[in-house]
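> The structure is given below, and queries will be raised subsequently.
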Amino acid sequence: MGLLLFLMLSGAAFAADTMPPDAEQQLARDIYKEMIEVKSGFTTGTTTPIAQSVAARFKAAGFAASDIFVGGPAPNKANVVVRYRGTGARKPILLLAHIDVVEAKREDWTVDPFVFLEKGGYFYGRGTADDKAQAAVWVATLLRFKREGYRPDRDLILALTADEEGGGPLNGVDWLLQKHRDLIESEYALNEGARGMLVNGKRVEHHIGLAEKQFLNLRLEVRNKGGHSARPVADNAIYHLAGALHRLSTFGFDFQLTDITREYFRQSAKSESGAVAADLTRVAEGDAAAMKRVAAQSPPLNAMMRTTCVATQLEGGHATNALPQLAAANINCRLLPDDNVDRVIAELKKVIADDQIAISITTYEGASPASPLRADIMKAFNRITDTMWPGVITVPTMAVGGSDGRYLRLAGIPTYGVQGFFQDRDDVRAHGRDERMLVRSFYEGQTFLYEFVKALSH
Ligand SMILES: [Zn+2]
């Protein structure tokens with residue numbers, strides 16, 4: 001069905017939240033509900049029931065058993081991979097979503113985080129935004145393609161994976177790359193990491209994620225011979241560390257724009273007005289004074305323009321009546337995609353300016369090269385956005401946080417953050433309490449992703 005015809009037939013359902021969902025929407029909603037109600041918190045939960053249920057749905061829909069894979073590094077960390085066969089004219093596209101969630105405690109929420117609830121135009125539950133909406137929509141989309149007899153010119157590979165939030169040794173994407181790369185080998189992947197932006201309920205921007213920052217933890221450590229605190233000396237481990245952290249607190253790395261962030265500022269200027277719009281445009285043009293003003297006003301935009309390092313944890317001392325023999329801090333850094341660790345450490349050493357402080361790397365997840373601005377992807381993204389939401393500005397972005405995209409990008413599979421779900425810019429609840437998704441946004445995202453995958457596969 002063409003996009004316009006589809007919009008005519010089902011578009012009415014978007015007009016009012018009270019309209020009952022159509023059959024395709026109902027199926028996506030059912031899958032979504034089932035996924036939300038599985039406690040898949042990455043430390044205490046399991047993704048396995050979700051993986052098994054998804055596998056069963058595809059089996060029932062007539063997919064060959066050999067095209068369905070369920071497996072993972074631990075019994076409670078299953079991933080599911082399903083191959084939708086195309087003609088094979090082009091290399092496959094990977095449709096990725098993670099099915100683990102950040103932990104959620106009933107007492108922290110006003111509703112039960114693991115009971116799917118539709119209320120006041122929203123779906124509530126842990127994972128409604130991050131990332132089970134996309135997981136459910138991918139499943140519903142492939143099942144719909146199958147029912148419609150759609151024959152893409154390439155295989156479409158669905159991978160729903162564990163432990164994105166944990167980021168640890170059981171990460172599903174990392175595990176699949178290591179153990180079963182053939183199952184997910186693809187030309188590029190579509191993943192979370194970007195969305196539509198609502199301001200005061202109005203759709204303003206639609207983002208596509210092309211890059212993300214690199215994740216690095218550093219340990220600053222001072223050792224000292226210590227002694228009795230009744231006979232203090234100036235050479236004190238805690239004072240050394242405190243001085244270093246103070247110098248770090250007033251330091252900022254140089255601003256550095258990339259092709260992607262320059263385009264981000266250029267485009268997002270269009271959805272602002274007055275002095276803000278003017279400053280965003282100046283940032284895109286490389287105006288350092290404007291960068292400084294924008295950085296001072298907006299932590300996320302600051303993070304988009306530079307590598308950042310910030311103190312996140314402290315330890316030190318062993319008794320209230322002893323001079324400290326140890327003082328240490330964790331510094332969490334987020335590097336721009338083309339920055340490098342050695343350069344960052346060398347610059348920090350200069351800022352800290354204290355040779356008693358040893359700096360060591362405790363976590364480095366590796367470089368995450370930006371994905372190319374492909375003409376075919378951008379064209380489809382812009383065209384479907386324009387058709388569904390006339391006037392909405394399309395914006396390429398770099399995520400300042402991380403996603404599973406880093407494993408794929410590092411493995412040579414470019415990854416694009418595309419969701420089509422519009423969410424309030426000023427009310428982001430992913431990882432927080434009372435996580436929710438607009439009902440309207442969920443069904444719109446379903447339409448968008450269906451059309452988008454289709455546009456890229458025929
Ligand atoms: Zn996520």
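> Based on this model, can you work out whether residue 158 counts as assigned to a helix (DSSP H, G or I), in contact (Cβ under 8 Å) with a residue 12 or more places away in the chain and away from the ligand (no atom under 14 Å from the Cβ)? Let's see the steps before the verdict.
Values: assigned to a helix (DSSP H, G or I): no; in contact (Cβ under 8 Å) with a residue 12 or more places away in the chain: yes; away from the ligand (no atom under 14 Å from the Cβ): yes.
For residue 158, the condition - assigned to a helix (DSSP H, G or I), in contact (Cβ under 8 Å) with a residue 12 or more places away in the chain and away from the ligand (no atom under 14 Å from the Cβ) - is not met.
> Among the residues of the stretch 66-75, which ones are without any contact (Cβ under 8 Å) to a residue 40 or more places away in the chain and under 16 Å from residue 156 (Cα atoms)?
Step one: filter the stretch 66-75 for residues without any contact (Cβ under 8 Å) to a residue 40 or more places away in the chain, giving 66-68, 70, 75.
Across the stretch 66-75, the qualifying residues are 66, 67, 68.
> How many of the residues in the stretch 327-343 are over 21 Å from the mean Cα position of the chain (by Cα) and surrounded by 21 or more Cβ atoms within 10 Å (Cβ to Cβ)? Outline the logic, then answer.
Pass one, the stretch 327-343, residues over 21 Å from the mean Cα position of the chain (by Cα): 327-331, 340-343.
Subset that is surrounded by 21 or more Cβ atoms within 10 Å (Cβ to Cβ): 327, 329, 331.
Residues in the stretch 327-343 being over 21 Å from the mean Cα position of the chain (by Cα) and surrounded by 21 or more Cβ atoms within 10 Å (Cβ to Cβ): 3 in total.
> Examine the stretch 348-368 for a residue that is more than 16 Å from the ligand (Cβ to nearest atom), of a type in the set (A, V, I, L, M), in a helix (DSSP H, G or I) and without any contact (Cβ under 8 Å) to a residue 12 or more places away in the chain, and state whether such a residue exists.
Step one: of the stretch 348-368, the residues more than 16 Å from the ligand (Cβ to nearest atom) are 348-364, 366-367.
Keeping just the survivors that are of a type in the set (A, V, I, L, M) gives 348, 351-353, 357-359, 361, 367.
If we keep only those that are in a helix (DSSP H, G or I) too, we end up with 348, 351-352.
Retained after the next criterion (residues that are without any contact (Cβ under 8 Å) to a residue 12 or more places away in the chain): none.
The answer is no; no qualifying residue exists.
> If we keep just the residues of the stretch 392-412 that are in contact (Cβ under 8 Å) with a residue 60 or more places away in the chain, in a loop (DSSP other than H, G, I, E, B) and more than 16 Å from the chain's Cα centre (by Cα), which is farthest from residue 92 (Cα to Cα)?
Among them, the one singled out is 392.
> Which of the strands (runs of 3 or more DSSP E) found entirely inside the stretch 23-131 contain at least 2 residues meeting this: within 25 Å of the chain's Cα centre (by Cα) and of a type outside the set (A, V, I, L, M)?
Values: elements: 68-71, 79-84, 90-98, 117-119, 122-124.
Per the criteria, 68-71, 79-84, 90-98, 122-124.
> Within the group 390, 372, 396, 414, which residue is away from the ligand (no atom under 16 Å from the Cβ) and within 23 Å of residue 166 (Cα to Cα)? Quick ask: steps written out before the conclusion?
Details: 390 fails: within 23 Å of residue 166 (Cα to Cα); 372 fails: within 23 Å of residue 166 (Cα to Cα); 396 fails: within 23 Å of residue 166 (Cα to Cα).
None of the other options fit; the residue is 414.
> Pick from 111, 101: which is farther than 22 Å from residue 25 by Cα, within 14 Å of the ligand (Cβ to nearest atom) and either surrounded by 22 or more Cβ atoms within 10 Å (Cβ to Cβ) or touching a residue at least 12 places away in the same chain (Cβ under 8 Å) (or both)? Steps first, please.
Numbers: 111 fails: within 14 Å of the ligand (Cβ to nearest atom).
After applying the criteria, what remains is 101.
> Can you confirm whether the stretch 148-155 contains a residue that is at pLDDT 95 or above, at positive phi and within 16 Å of the ligand (Cβ to nearest atom)?
Here is the first cut: in the stretch 148-155, the residues at pLDDT 95 or above are 148-155.
Applying the additional criterion that residues be at positive phi yields 149.
With the extra rule that they be within 16 Å of the ligand (Cβ to nearest atom), the set shrinks to none.
No, the conditions are met nowhere in the stretch 148-155.
The values are calculated or read from the model by the stated rules, or taken from the named source; none is laboratory data. Quantities reported herein were computed from a predicted structural model and do not represent experimental measurements. Positions of Cβ are backbone-derived with ideal geometry, glycine not excepted, and every protein chain shown enters the neighbour counts.
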